[in-house]
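Since the structure comes first, as structure tokens, the remarks are kept for the end.
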Amino acid sequence: MMQARRRTVRDLRRGNRETLLRALFFGGPASRHELTAQTGLSAATVSNVTADLLADGVIAEAGQVESDGGRPRVLLRVNPDYGYAIGVDVGETHVRVELLDLGMNELARTDYALRPARHDVELVVRHILAGADLVLSEAGVPRERVLGLGVGVPGLVEPGPEAVIHAPTYGWQGVALGTLLRAGTELPLFVDNGAKTMGQAELWFGAGRGASTAAVALVGSGVGLCLVTDGGIYRGASGSAGEWGHMTVAAGGRTCRCGNRGCLEAYAGAEAVLDRYRELVPGEEGEEEPAFAALLADRSPEAGRVLAETVHYLGAGLGTLINLLNPERIVLGGWAGLLLGRRFLPEIREAARAHSLALPYERTGIELGLLGPDAVARGAATLVVDGFLLDSQRALQGV
């Protein structure tokens, strides 16, 4: 029988600090009186902890509001300049690096192009490290004020300091990305699957906000998913939950980049969509994102056939999610998903309805992501911020 861990006074203080910081981060400026009501902590605890947070510079005063007959109440907020987070999106066609403050305001960004057929891990690592240096220099932020470096990557991520990546479509098998990055930086490092980082960003700030049960779909060159249960990300037994793109939608169908046949990604991922179009209309391959946008603008019968098939399979995949998970909300994101959704959202909803049971479909909203193509990098930065909220006393000490 496992023995319960004994909570110390230090644990209690850290927990109270986290509770108040999360209330201010997600709820915005609030008075001590409001924080007492929101958190359930005693007035004395709120007063003591906020005094410590003010002394540490983690929170700051943000004006005053009138009270009912008494003195004006001082509003408190998280100090956006206390620390900074770097978020990185390792995508199929680029490495994007962004610097954000604790108000989640973007201060600087840079992009490095990648060729879809070449994802050399050493090159990706160099881009990440160089990008981190560049955004800090552009924003004039000293490295010691950085809370950490968050990275969203494709494939399966083994938790732990080595952050081992398994991404067959990249040719990455057992790549210890964390080890490679730590050889070039001392910043605290956070690595997760890109669909999950996008999902967390939409859950915190976007179309998933307030949802207890949701599915956030990333449709880019490939297809991924972030599952949300009880307001948090569901990872499964080994952290690989959400490999929706490799769900079979056509038994014995087209070969997927993963090596299997009939995967959703082989029908709804942008790379596969363009491949199907070129089978009908041969042509030179260009950059993926402009080529996909051009396909959506093409009114030819061949383009219409490919896009109709894409909507059909994407809707079937969403219908399966509705039947299997019964989410209250589905968020469609990723650069290709947003392009598809802006033109075909009613048709995608109808295809999902045709492939799901009536009652769960009626109670599931299907919406477009609100954070645009930057959601993966912003979500990677939330990994850093989440660590800060959990233990703000250690965040700037690189522990």
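Throughout, read-outs are computed from the coordinates displayed, never taken from laboratory work. Please read all numbers here as calculations on a predicted model, not as lab measurements. Ideal geometry is used to build each Cβ from the backbone, glycine not excepted, and the neighbour counts take in all protein chains shown.
Most simply put, the chain has about 65% antiparallel DSSP beta bridges, counting only bridges with both residues inside it.
Remark: relative contact order (the range 209-370) = 24 percent; criterion is Cα-Cα distance under 8 angstrom and separation of 6 or more residues.
With a cut-off of 14 Å between beta carbons, the residues surrounding Ile322 carry a summed charge of 0, where Lys and Arg count +1 and Asp and Glu -1. Among (i) 30, 29, 20; (ii) 34, 28, 18; (iii) 40, 25, 20, only one was calculated for this model; which label is it, if the read-out is semi-axes √(5λ) of the Cα gyration tensor in Å? Derived directly from the coordinates: (iii).
Computed as a quarter of the hull surface, the mean projected area of the alpha carbon convex hull for the range 209-370 stands at 9.7 nm².
Proximity of backbone amide H atoms, modeled 1.01 Å from N, is registered between Gly253 and Gly262 at under 5 Å, excluding neighbours fewer than 5 places apart on the same chain. Across the range 194-203, coupling constants 3J(HN,Hα) worked out from phi with the 6.51/-1.76/1.60 Karplus curve, θ = phi - 60°, read x, 5, 6, 5, 4, x, 5, 4, 5, 5 Hz, and Gly and Pro carry x. Restricting the GluC sites (Glu not before Pro) of the range 1-110 to loop positions (DSSP other than H, G, I, E, B) with no more than 10 neighbouring Cβ atoms within 10 Å leaves Glu66.
For the range 235-302, the set of GluC sites (Glu not before Pro) satisfying both a DSSP loop assignment and a count of at most 10 other C-beta atoms within 10 Å is given as Glu284.
Charge tally around Leu75: other residues with Cβ under 11 Å, Lys/Arg +1 each, Asp/Glu -1 each, net +1.
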